[in-house]
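Novice: One structure is given below, represented as structure tokens, and several questions about it will come after.
The values are calculated or read from the model by the stated rules, or taken from the named source; none is laboratory data. The shown structure was predicted, so the numbers you read here are calculated from the model rather than taken from an experiment. A quick note on method: Cβ atoms are made from the backbone with ideal geometry, for glycine too, and the neighbour counts reach across all protein chains shown.
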Amino acid sequence: MTTKENHNSKRSPKYLFHPFEIVLCGYSGSGKTTLITRLIEKMRARYKIGYVKHDAHRFRMDHEGKDTFKSWMAGAEQVFIFDSEHSATIHRGRPSLIEQRAALSNCDFIFLEGYKNSSSPKIVFIDIEEKILENVREGQIENVVAYVGQKENHLSVEPYFHRDNLDGFIQFVEASLRKRIPALNGLVLTGGKSTRMGSDKALLYYLDKPHGEVVMEMLKPYCENVFLSSRQGQWVNGEFSSCPQIYDRFLDFGPMGGVLSAMKAHPDNAWLVVACDLPHLEPSTLEVLIQNRNPYRFATAFRSQINDLPEPLCAIYEPKSYLRLLEFLGMGYECPRKFLIHSDSILLSLKNEKALENANYVEEFKKISVEIQKARKSAEVQKFEKEARA
């Protein structure tokens, strides 16, 4: 295995607004909005759903006489209003692509009504006269994944759903979303300078191997690929020189820089990120994290046993968190914990209170080493006694 890093990856999202989007198109009066509202009503208990309308008719954000309406008519470039439960904004012209995607990123997935000329996968609503099928046959509407109609299927198009078959259509939508769940890569953070420890924490031996190697091997059964996050040249001719690595491109930003560098290198993957200095970490802790992963949220992490805050250095970061992390970095927040606190993430309880305990100083390393070695000896004795009784 040789040291490698993807230098040629490009971030080119295959979507308009959101990684999980469902495009529904058809002629006016074909029942799109009616079905979408029924879907939202039935699915809202399990998902946070967004909705985007293409080429909507002229609209007003508020009633005449309201303050927001007066400000808008006076010529305000942008009007924003919110209370404890709602918020709304209106722009002159169209907000930037980044603003559009950021505004919808809190949703688990979104329905797009219209956009029939886009390249996104589409569900086509068949009108009574079946004129839209001519557009499909002529190649004006591409990448059709399903059809919805008001009659029984006599057209030999598949898959086809009667618009009253709500349960069947929901199953199709959910199956479509599951197919897009990103594969999981592993990232072991080793790029810190270990100034408090005085030596590289990835090279510390708690038992038989350097702990950086222990963590890499622990992640492999759960991940498509596992990488070391490191500084350029950190492991040249060193202990981990043959391991796959992703070098920091976002320099001097700590763990957040390592996570962003990994996302830049492999933008289509989710990332199981683990620090190299968690000596009590066990596969059972990773399994809880992975089993409770919600790929539609920004991240999945544990709550700290000490202060109930999110633990950012044993967590799963989804691809859509890339933009949000950059936003936080741009606002001067360099700690991934801040991102987890202020983003819609899944936070789990930690069963083993020592699982994410780390060692920053030599005294802590020695103390934990003794604990781990004692625990191993105790386990070996118990195993021997059990075999002897058998």
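Novice: Take the residues in region 82-125 that are of a type in the set (V, I, T) and at pLDDT 90 or above; name whichever of them is farthest from I49 (Cα to Cα).
Specialist: Filtering region 82-125 for residues that are of a type in the set (V, I, T) and at pLDDT 90 or above, the one farthest from I49 (Cα to Cα) comes out as V124.
Novice: Separate question: Which residues, counting only those in region 143-190, are free of Cβ contacts under 8 Å to residues at least 24 places away in the same chain, of a type in the set (G, A, S) and either in contact with an Asp or Glu (Cβ under 8 Å, 6 or more places away or on another chain) or over 12 Å from I22 (Cα atoms) (or both)?
Specialist: Passing the criteria: S156, G168.
Novice: Oh, and also: Kindly provide the set of residues from region 313-324 that are surrounded by fewer than 23 Cβ atoms within 10 Å (Cβ to Cβ) and either without any contact (Cβ under 8 Å) to a residue 12 or more places away in the chain or not in a loop (DSSP other than H, G, I, E, B) (or both), ordered by number.
Specialist: L313, C314, Y322, L323, R324
Novice: Still on this model: Considering only region 174-191, state which residues are within 18 Å of K14 (Cα to Cα) and surrounded by 14 or more Cβ atoms within 10 Å (Cβ to Cβ).
Specialist: S176, L177, R180, I181, P182
Novice: With respect to F253, determine if the residue is surrounded by fewer than 21 Cβ atoms within 10 Å (Cβ to Cβ), out of contact with any strand residue (DSSP E or B) (no Cβ under 7 Å at 6 or more places or on another chain), of a type outside the set (K, R) and within 18 Å of P336 (Cβ to Cβ).
Specialist: yes
Novice: A further question follows. Hey, can you tell me all the residues within region 161-185 that are closer than 24 Å to V273 by Cα and touching a helix residue (DSSP H, G or I) at 6+ places or on another chain (Cβ under 9 Å)?
Specialist: Scanning region 161-185 gives L184, N185.
Novice: Taking region 336-365, which residues are part of a loop (DSSP other than H, G, I, E, B), touching a strand residue (DSSP E or B) at 6+ places or on another chain (Cβ under 8 Å) and either closer than 17 Å to W271 by Cα or modelled with pLDDT of 95 or more (or both)?
Specialist: S343, S345
Novice: I would also like to ask the following. Would you please list the contacts, defined by Cβ atoms under 6 Å and residues six or more apart or on different chains, that run from a residue in region 22-41 that is farther than 19 Å from C107 by Cα to a residue that is of a type in the set (D, E, K, R) and surrounded by fewer than 18 Cβ atoms within 10 Å (Cβ to Cβ)?
Specialist: Within 6 Å, the pairs are Y27/D127; S30/D127.
Novice: Counting residues that are closer than 27 Å to E364 by Cα, which strands (runs of 3 or more DSSP E) fully inside region 214-283 reach at least 3?
Specialist: Per the criteria, 226-230, 270-275.
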